[in-house]
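The values are calculated or read from the model by the stated rules, or taken from the named source; none is laboratory data. Bear in mind that the values here come from a model prediction, so they are computed numbers and not experimental data. The area values use the complete protein model at the heavy-atom level, side chains included, leaving out ligands, DNA and RNA. Shrake-Rupley method; radii C 1.70, N 1.55, O 1.52, S 1.80 Å.
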Amino acid sequence: MPRKKTPSFEQALIELEELVQAMEDGDLSLEQLMDSYAKGVELSKFCMTSLDRAEKAMDVVLKEKNGVVEEFRLEIEGDAGEF
């Protein structure tokens, strides 16, 4: 059985936005609404995990100050002391 292809962050976000719009339109049956909500939670978790991974990958970033490039640690809210 082939593995399910993992969507990109952008694809997941677009699908999540479409689900939210469909739910807000109010045209879904209760069953469709519940299915959409469950899928939305799944997509939301995927997006949050993807963002978290990306933030952690940016441990050191560069900035230019007075013509000199210097490194500094990226401070991520809620991650104090993890690096």
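Some observations on this one:
- Taken over region 20-45, residues that are of a type outside the set (G, A, S) and either open to solvent by 100 Å² or more (accessible area, probe 1.4 Å) or outside any helix (DSSP H, G or I) (or both) amount to 9.
- Apart from one condition, F72 fits all of (1) modelled with pLDDT under 80; (2) part of a helix (DSSP H, G or I); the exception is (2).
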